[in-house]
Amino acid sequence: EAQVTQNPRYLITVTGKKLTVTCSQNMNHEYMSWYRQDPGLGLRQIYYSMNVEVTDKGDVPEGYKVSRKEKRNFPLILESPSPNQTSLYFCASSLDSGRPDEQFFGPGTRLTVL
Amino acid sequence: AQKVTQAQTEISVVEKEDVTLDCVYETRDTTYYLFWYKQPPSGELVFLIRRNSFDEQNEISGRYSWNFQKSTSSFNFTITASQVVDSAVYFCALSEARDSSASKIIFGSGTRLSIRP
C-alpha cells in the first residue's frame, strides 16, 4: 500500500530533551516536507527536500533540523525542544519531477513539550 | 512573497445548501500552482485539486467545483448540495515554481466547514 508513515504518533517530552520524528514513504517520491499545524495558523512548512542530500528551509525552520540521506526517509530532529514547539506535525511527499504535485500526507505526530 | 488568505474561519450551513470557500493568494511569479486539501475530523489531509497558473479553466468534479480567476488572484471552492460528510477543515495552498523546480509551499489558515443535518 502506498503510504507515508510517521513515528511516533504521540509524544510527550520535556524541554531540552533531543527527539527525532521519523518519516518514511514507499512511493519513490522526490519531494518530501515537514509541516506543523497550529490552531488558527493552518499548516506551516518547516523544511522541505527536493531529493537526496537536498534540503531547504520552509517558513518556520527555527529549532528544527532535517536530513535526507535516503530517498525514502526524511526525519525531523528537535535538538532542544521548547514548549512553543508543541504542535501537530505532518510529513508529506510528492512525486514532483520538477513541478509541484499532489502531496501525500502522513497521519500526523502530536508532540507536547513540557 | 507568497501569501494565501482564507478569510472565512468558520462556515456553518444546513445540509443541501451550496457553499463557497474563498481563497485569495499573492505571488510575484507568473508560474505557480494552487491546491485545495481537505482535513476531515479524523485528522488526515486529503488532496482535492491542483491547478497551474496557465490553466484558468474552471473544474467540476461531482458536487465540487473550483473557480480560478487570475484577475482577482482567487481560487474559490464551491460545494453544491452539501452533505454532512463534507464537514471538514479545507485548506488552500500555493507553490511557486521557480527555475522549473519545486519550492516551498504556503498554506492558508483553513476554513472549518460544518454541515448541519
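The values are calculated or read from the model by the stated rules, or taken from the named source; none is laboratory data. Predicted model, so just to flag it, every value in this text is computed and none were measured. All Cβ positions, glycine included, derive from the backbone under ideal geometry; neighbour counts span all protein chains shown.
In the range B:39-51, is there at least one residue being closer than 21 Å to A:I46 by Cα, within 13 Å of the chain's Cα centre (by Cα) and surrounded by fewer than 19 Cβ atoms within 10 Å (Cβ to Cβ)? Among the residues of the range B:39-51, at least one is closer than 21 Å to A:I46 by Cα, within 13 Å of the chain's Cα centre (by Cα) and surrounded by fewer than 19 Cβ atoms within 10 Å (Cβ to Cβ), which makes the answer yes.
Just need a number here: residues in the range A:69-101 that are part of a loop (DSSP other than H, G, I, E, B), more than 14 Å from chain B (Cβ to nearest Cβ) and surrounded by 20 or more Cβ atoms within 10 Å (Cβ to Cβ).
As a first pass, look at the range A:69-101 and keep what is part of a loop (DSSP other than H, G, I, E, B): A:69-72, A:74-75, A:79-82, A:86, A:95-101.
Those still in the list that are more than 14 Å from chain B (Cβ to nearest Cβ) too: A:69-72, A:74-75, A:79-82, A:86.
Remaining after also requiring surrounded by 20 or more Cβ atoms within 10 Å (Cβ to Cβ): A:74, A:81.
Result for the range A:69-101: 2.
Matching residues to (1) touching a helix residue (DSSP H, G or I) at 6+ places or on another chain (Cβ under 8 Å); (2) on the phi > 0 side of the Ramachandran plot; (3) free of Cβ contacts under 8 Å to residues at least 40 places away in the same chain:
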| position | (1), (2), (3) |
| --- | --- |
| B:E56 | yes, no, yes |
| B:S61 | no, no, yes |
| B:W66 | no, no, yes |
| B:S74 | no, no, no |
| B:T80 | no, no, no |
| B:V84 | no, no, no |
| B:V89 | no, no, no |
| B:A93 | no, no, no |
| B:S103 | no, no, yes |
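Checking the structure you have, find out if any residue of the range B:87-108 is outside any strand (DSSP E or B) and more than 14 Å from chain A (Cβ to nearest Cβ). Yes, some residue in the range B:87-108 is outside any strand (DSSP E or B) and more than 14 Å from chain A (Cβ to nearest Cβ).
A:N28 falls short on exactly one of the conditions (1) within 8 Å of chain B (Cβ to nearest Cβ); (2) at positive phi; (3) of a type outside the set (G, A, S), and that condition is (1). The listed residues are A:G40, A:G108, and the only one of them that is touching a Leu at 6+ places or on another chain (Cβ under 7 Å) and either surrounded by 14 or more Cβ atoms within 10 Å (Cβ to Cβ) or within 14 Å of chain B (Cβ to nearest Cβ) (or both) turns out to be A:G108.
Considering the range A:27-60 alone, what residues qualify as being of a type outside the set (A, V, I, L, M), over 23 Å from A:R99 (Cβ atoms) and within 13 Å of the chain's Cα centre (by Cα)? Correct list: A:R36, A:Q37. Based on this model, can you work out whether B:I79 counts as away from every other protein chain (no Cβ under 11 Å) and within 22 Å of A:L43 (Cβ to Cβ)? For B:I79, the condition - away from every other protein chain (no Cβ under 11 Å) and within 22 Å of A:L43 (Cβ to Cβ) - is met.
Just for the range B:5-28: of the residues that are within 12 Å of another protein chain (Cβ to nearest Cβ), part of a loop (DSSP other than H, G, I, E, B) and surrounded by 12 or more Cβ atoms within 10 Å (Cβ to Cβ), which one is farthest from the chain's Cα centre (by Cα)?
B:Q6
Rundown of residues vs (1) more than 20 Å from A:F104 (Cβ to Cβ); (2) aromatic (F, W, Y), yes/no style:
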site: B:T27; (1), (2): yes, no
site: B:Y37; (1), (2): no, yes
site: B:S71; (1), (2): yes, no
site: B:S95; (1), (2): no, no
site: B:I106; (1), (2): no, no
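Selection of strands (runs of 3 or more DSSP E) fully inside the range B:29-78 by the criterion of at least 2 residues being at pLDDT below 95 and over 19 Å from B:G108 (Cβ atoms) returns B:59-61.
Which count do you get for residues in the range B:29-55 that are away from every other protein chain (no Cβ under 12 Å) and polar (S, T, N, Q)? Explain how you work it out, then say what you get.
If we filter the range B:29-55 for residues that are away from every other protein chain (no Cβ under 12 Å), which is where we start, we get B:30, B:40-41, B:55.
Subsequent filtering for residues that are polar (S, T, N, Q) retains B:30.
Count: 1.
Once the range A:43-68 is narrowed to residues that are more than 11 Å from chain B (Cβ to nearest Cβ), of a type in the set (D, E, K, R) and assigned to a loop (DSSP other than H, G, I, E, B), the residue that is nearest to A:V113 (Cα to Cα) is A:E62.
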